[in-house]
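A short reminder: the numbers here are calculations on the coordinates, not readings from a lab. Every value quoted in this text rests on a predicted model; they were computed, and no experiment measured them.
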Amino acid sequence: MWILWLIVGIAFSIAEMLYSGFFLIWFAIGAFFTIIVSFFTENIIYQSIAFLLVSLTLLITLTRYFSKKFNSGHTTLTNTDSLIGRKGIVTTDIGKDSFESGLVKLDGEIWTALSKNGEIIKKGAVVEIHEIKGVRIIVSEIKTQGGLPND
């Protein structure tokens, strides 16, 4: 009977790897624990009770702990998401009409930019990136007091 519990444990382990939500792993551990129980009793009811007790106890007690531990809530922004909030310098005027885009230099790269509020932003102005739509950044002018951001 232990082979059945081994298969169940492996199936739950594979499902957890695919799902990865700290939910099915407890059933895999319960199945592996039940392998030990199966050496002491052939009764499938006792084995099933052991499986359910261990699995549900682990599910109730440890899921919240491990979810908090591995999902710290701190997200590292990558790729274009990391540009939000950064500052750049306008290299070509950004026009009032949404079809009149300008250019912004940010970390040595040139980006096509649109004004967030529909305002005209002149060349040399310091802007902050608010969002990214497709390949364009949406910016607003920052009124600086004599200091340009690093580019």
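Once you sort the root eigenvalues of the Cα gyration tensor of the range 2-70 as a ≥ b ≥ c, which label holds: rounded (a/c under 1.5), prolate (a/b larger than b/c) or oblate (the other case)? Taking the square roots of the gyration eigenvalues as a ≥ b ≥ c, the range 2-70 is oblate. To the nearest ten degrees, helix 44-70 and the longest principal axis of the Cα atoms of the chain are 20 degrees apart. When the helices of the chain are scored as -39500 (n - 2.57) per DSSP H run of n ≥ 4 and the total is divided over every residue, the value at 222 nm lands at -13500 deg cm²/dmol.
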